[in-house]
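A short reminder: the numbers here are calculations on the coordinates, not readings from a lab. Computed from a predicted structure; not experimentally measured. Neighbour counts run over all protein chains shown; Cβ positions are idealised from the backbone, glycine included.
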Amino acid sequence: MTTIRKEAGTLSVAEQNTYINAIKHMLATPSNPYGKLVSIHGNMMHNMHGMNAVGTQRFLSWHRAYLLHFEKKLHAIDSNAFIPYWDWTKHKAVPAWMNAFTPTVKIPGTGAVIVKRNTSIPAIINISSIMALTNYTDFTDQLENGPHGEVHMEVGVVNGHAEAMAKIMVSPSDPIFWMHHAQIDRIWSQWQTNHPSENPTLAGSDAVMDPWSETATQLKSIAALHYSYA
């Protein structure tokens with residue numbers, strides 16, 4: 001069965017509630033699955049950002065795995081659940097149905113994070129120059145350090161203060177994080193269609209997206225991973 005991730009602005013009220021209620025269920029579960037997921041992103045030993053050459057190569061594959069494992073937890077709660085994507089190339093505002101969903105998240109080893117955010121980014125983001133790149137390293141570097149980082153900061157810096165989305169250690173506390181990264185993953189999947197031979201350059205343990213077992217090669221095709229983007 002293929003999961004279809006839809007653009008956040010197109011969701012029915014039922015689909016909106018399915019996403020929100022599944023996260024609320026995770027937040028209310030005593031074993032704290034949501035907080036534990038957030039804590040994974042706070043462990044820089046996973047080397048999943050471009051702070052070095054290997055991290056640059058791992059960024060897209062690692063976050064693809066991260067989304068998949070989050071989505072599996074959503075499915076375990078409601079089989080109809082999926083991660084919507086927020087297409088900030090067309091809509092600069094956070095989907096209105098998300099505005100009131102600003103939970104408090106208890107993160108093991110960190111404490112409670114109260115989600116606060118701006119509800120829009122300054123301008124619709126044009127990614128045409130990034131999509132025109134032909135080399136994987138150039139593509140992932142410019143996507144991560146351009147639109148990816150810009151949206152994190154524009155949503156997460158509120159009245160001059162860095163809130164969840166602007167803090168790498170706790171950014172997944174904000175449920176908009178998953179929708180933002182689904183958009184990043186969607187952009188990569190579109191780019192892959194035109195550049196099928198361009199892939200992360202990883203070997204050995206660097207190619208394993210710890211703390212999970214999936215490799216960069218196994219994460220290459222979203223069709224093989226049984227999901228798509230509407």
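Could you tell me which of rounded, prolate or oblate describes the range 39-93, using a ≥ b ≥ c as the square roots of the eigenvalues of the alpha-carbon gyration tensor, with rounded for a/c under 1.5 and, failing that, prolate when a/b is larger than b/c and oblate otherwise?
oblate
Between PRO33, PRO196, PRO172, where does the largest GNM mean-square fluctuation fall for the chain, given springs only between Cα atoms within less than 10 Å?
Result for the chain, Cα springs under 10 Å: PRO196 fluctuates most.
So which aspartates and glutamates can LYS106 reach, going by Cα to Cα under 20 Å and dropping same-chain residues fewer than 8 places off?
Partners found: GLU71, GLU163, ASP174.
Per-residue ellipticity at 222 nm for the chain, helices alone: DSSP H runs ≥ 4 residues times -39500 (n - 2.57), over residue total, nearest 500 deg cm²/dmol?
After summing the helix terms and dividing by the residues of the chain, the value is -12000 deg cm²/dmol.
Assigning unit charges at the beta carbon (Lys, Arg +1; Asp, Glu -1) and nothing else, what dipole magnitude in debye, to the nearest 20, does the chain show about its Cα centre?
Here the chain has a charge dipole of around 540 debye.
For the range 60-68, just list the computed ³J(HN,Hα) in residue order, Karplus coefficients 6.51, -1.76 and 1.60, θ = phi - 60°, integers in Hz, with x standing in for Gly and Pro.
So the J values, rounded to whole Hz, are 6, 5, 4, 6, 5, 5, 4, 4, 4.
Check which residues have an amide H placed less than 5 Å from GLU7's amide H, if you skip close sequence neighbours.
Counting only residues 5 or more places away or on other chains, the set is TYR85, ALA230.
Could you give the C-alpha radius of gyration of the range 1-72 expressed as a fraction of 2.2 N^0.38 Å, taking N as the number of residues it contains? Before the final figure, lay out the partial values.
Numbers: Rg = 15.0 Å, N = 72, 2.2 N^0.38 = 11.2 Å.
Ratio of Rg to 2.2 N^0.38 Å for the range 1-72: 1.34.
Which order do THR119, THR18 fall in if you start with the one that has the fewest other Cβ atoms within 10 Å?
If I rank by nearby Cβ atoms, fewest first, I get THR119, THR18.
Which distance in nm do the two modelled labels at ALA132 and THR217 give, with both placed 7 Å along the Cα-to-Cβ direction?
3.5
Under 5 Å between amide hydrogens, which residues at least 5 positions from SER120 or on another chain qualify, with H placed 1.01 Å from N in the peptide plane?
VAL94
How about the range 94-184: which trypsin sites (Lys or Arg not before Pro) there lie in a loop by DSSP and see at most 12 other Cβ atoms within 10 Å?
For trypsin sites (Lys or Arg not before Pro) across the range 94-184 that sit outside H, G, I, E and B with at most 12 neighbouring Cβ atoms in 10 Å, the list is empty.
Putting +1 on Lys and Arg Cβ atoms and -1 on Asp and Glu Cβ atoms, find which of ASN52, PHE82, ALA132 reaches farthest to the positive end of the dipole of the range 1-151.
PHE82
Restricting everything to alpha-carbon atoms, can you work out Rg to Rh for the chain with a Kirkwood hydrodynamic radius?
Radius of gyration over Kirkwood radius for the chain works out to 0.93.
What ³J(HN,Hα) values, in whole Hz, does the Karplus curve 6.51 cos²θ - 1.76 cosθ + 1.60 give for the range 162-169 when θ = phi - 60°, with x put for Gly and Pro?
So the J values, rounded to whole Hz, are 6, 9, 3, 5, 8, 10, 4, 6.
Using only the alpha carbons of the range 18-127, what is the convex hull's orientation-averaged projected area in square nanometres?
8.2
Could you pull out every residue, at least 5 positions away or on a different chain, whose amide H is within less than 5 Å of the one on VAL158? Hs are placed 1.01 Å off N in the peptide plane, and Pro or chain starts have none.
Counting only residues 5 or more places away or on other chains, the set is GLU163.
For the pairs LYS24/LYS73; LYS92/LYS167; LYS73/LYS220, flag any whose C-alpha to C-alpha distance is greater than 18 Å. It would help to have the intermediate numbers written out before the result.
Numbers: LYS24/LYS73 12 Å; LYS92/LYS167 21 Å; LYS73/LYS220 21 Å.
Cα-Cα > 18 Å for LYS92/LYS167; LYS73/LYS220; rest within.
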